[in-house]
Amino acid sequence: MNKFFTSVVKSLSLAILLLLFLPVLAQQKNNSDRPNIVIIISDDHAFQAISAYGSQLMQTPNMDRLAKGGALLNRAYVTNSICDPSRAVLLTGKYSHKNGFKDNETSVFDHGQDLFVKRLQEVGYETAWIGKQHLGNKPQGFDYWEILPGQGSYFNPDFLKMDGTRAHYEGYVSDIISDLTEGWLNERDASKPFCLVVGHKATHRTWMPDTGDLDMFENVTFPLPHNFYDGYEGREAAKVQDMTIAKTMIMGYDLKMLTGVENEGTVNRMTPEQRKKYQEFYGPIEADLKQRNLQGRELVEWKYQRYMKDYLATAASLDRNVGRVLDYLDENDLTDNTVVIYLSDQGFYLGEHGWFDKRFMYEESFRTPMFVRYPGVIKPGTVSDDFIMNLDIAPTLLDVANVEIPDDVQGESFLPVLSKKSATGRDAMFYHYYENGEHSVSPHFGIRTKRYKLIRFYKRVESWELFDLTKDANEMENLYGKPGYEKITAKLKKELGKLIEQYEDTEAAQVMAQKID
């Protein structure tokens, strides 16, 4: 009897232990099937400055390397071309009117809402955000974070830490972000898959190159974009903007002509050695400018050349540090089981229409660079012409991790269109920009199809614009209201109305109901 009782007890004990450990074993098996995830998001990085996209302005070997190892997305776009709302869309998979963060001036991001990283945490991912987030100072959904306060600084930046303290680091911000990234990767829990977001400050205004890159493009003269002296005929919103190189770009703040701006914050953050290098480099340039006494178009074109040299030299450090992340994955045998996505928070103007900055639904700011590498799933060298949006990143990564995508997520997983020949993407995209302040860009929304783009501006300017992108890729001729375009205009308005209804954008619906000439 005792032997029988003992045997029963042992059997029950083993059964109980098995029941206790089955979920753990299942979780471990699921974790082994789930790839790591790295998202590298830069700031204001123009696809026109990436050699993988055919740019002749500079070489970007590390971004090209990422593109060749996976997919280059020719038609990647954003829902709202401005920094912080773009990051909110990335985290939520929802349009700005749904995630609550419409603009940089009035919005506050609700970190308590459903975020894709929280869903990943639930299935065993270790999550981290390092670098620029710019969505407030208390991120959620991350097991670790160390972020720049606000825009942060290019030189000797401070970082906010999870314990509420600030850390001060000496050096150049892109390098420091990579240092912190490698540090976290070295200390992470290797038994878990990870999702890491690397948020770069570069190439945000004021485009301050690292001291070793200052003269990188000094012997280059960049060709003016053919529409640099755009007169904005037929485009009322473009006429009232305040983002031109000619009038808006500031000699001291933007172009490093430092006389009289010694108190400019970023310069004051430099060490004496860093500041000396800046003064030794920019001082002779400023002296030459004063001696030449340029006026009119000569001065405007000088500003353009200076802007391009600084912007591209800043982009060079960004590319190098993308390479550092790729090298780390290679050196630590992580490449084959890691999804890597590179994108900017939106596009940027490099002199097109005479502009810098973003915001408009015109291609240079609406379109963003994006590369996706997923070994074993996405064939190296893939080039996609499907419409893909930053809205789609959250559901795609949930798809990658085999996590159910919530019903209220508005994006779509783009994994099928990059990995299956039979899959088809969307036929049209919806865009909505809300801010009505800085740079005087009128709020607007619109639809882009394969051939056409229809935009409705409101508040600051009340107008419609229509472009045939096959005949007018640079969006110079507004066809709205011109004879012969009545049918396509009516068709696009109907399709736009369907998208507004689909995405439940009540503000756009109200504006659509208003009749204007």
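Listed by position, the helices (runs of 4 or more DSSP H) inside region 214-318 whose residues that are of a type in the set (A, V, I, L, M), at pLDDT 95 or above and under 28 Å from the mean Cα position of the chain (by Cα) number at least 1 are 236-240. Among the numbered conditions (1) at negative phi; (2) touching a helix residue (DSSP H, G or I) at 6+ places or on another chain (Cβ under 9 Å); (3) surrounded by fewer than 20 Cβ atoms within 10 Å (Cβ to Cβ), the only one that Pro157 does not meet is (3). The strands (runs of 3 or more DSSP E) found wholly in region 417-517 include none carrying at least 3 residues that are more than 24 Å from Glu364 (Cβ to Cβ).
Looking at region 329-346, is at least one residue closer than 22 Å to Thr79 by Cβ and in a loop (DSSP other than H, G, I, E, B)? First the steps, then the outcome.
First, the residues of region 329-346 that are closer than 22 Å to Thr79 by Cβ: 339, 341-346.
Going one step further and asking which of them are in a loop (DSSP other than H, G, I, E, B), we end up with 345-346.
Among the residues of region 329-346, at least one is closer than 22 Å to Thr79 by Cβ and in a loop (DSSP other than H, G, I, E, B), which makes the answer yes.
Quick check on this structure: which one of Trp207, Trp184 is crowded, with 17+ Cβ neighbours inside 10 Å and at positive phi?
Working: Trp184 fails: at positive phi.
From the options Trp207, Trp184, the qualifying one is Trp207.
The residues in region 86-119 that are in contact with a Ser or Thr (Cβ under 6 Å, 6 or more places away or on another chain), without any contact (Cβ under 8 Å) to a residue 40 or more places away in the chain and within 18 Å of Asp43 (Cβ to Cβ) can be counted, and the count is 1. Taking each residue of region 277-299 that is farther than 15 Å from Asp215 by Cβ and looking for partners that are at pLDDT 95 or above and surrounded by 12 or more Cβ atoms within 10 Å (Cβ to Cβ) with beta-carbon atoms closer than 7 Å, six or more apart or interchain, yields Leu289/Trp302; Leu294/Trp302. Within region 373-397, the residues that satisfy the criterion of being under 23 Å from Ile82 (Cβ atoms) and either in a loop (DSSP other than H, G, I, E, B) or touching a residue at least 40 places away in the same chain (Cβ under 8 Å) (or both) are Phe387, Ile388, Met389, Asn390, Leu391, Asp392, Ile393, Ala394, Pro395, Leu397.
Scanning region 479-492 for residues that are surrounded by fewer than 16 Cβ atoms within 10 Å (Cβ to Cβ) and of a type outside the set (Phe, Trp, Tyr) yields a total of 8.
The values are calculated or read from the model by the stated rules, or taken from the named source; none is laboratory data. Note that the coordinates shown come from a computational prediction; the quantities given were computed from them, not determined experimentally. Every residue, glycine as well, gets a Cβ built from its backbone with ideal geometry; the counts of neighbours run over all protein chains shown.
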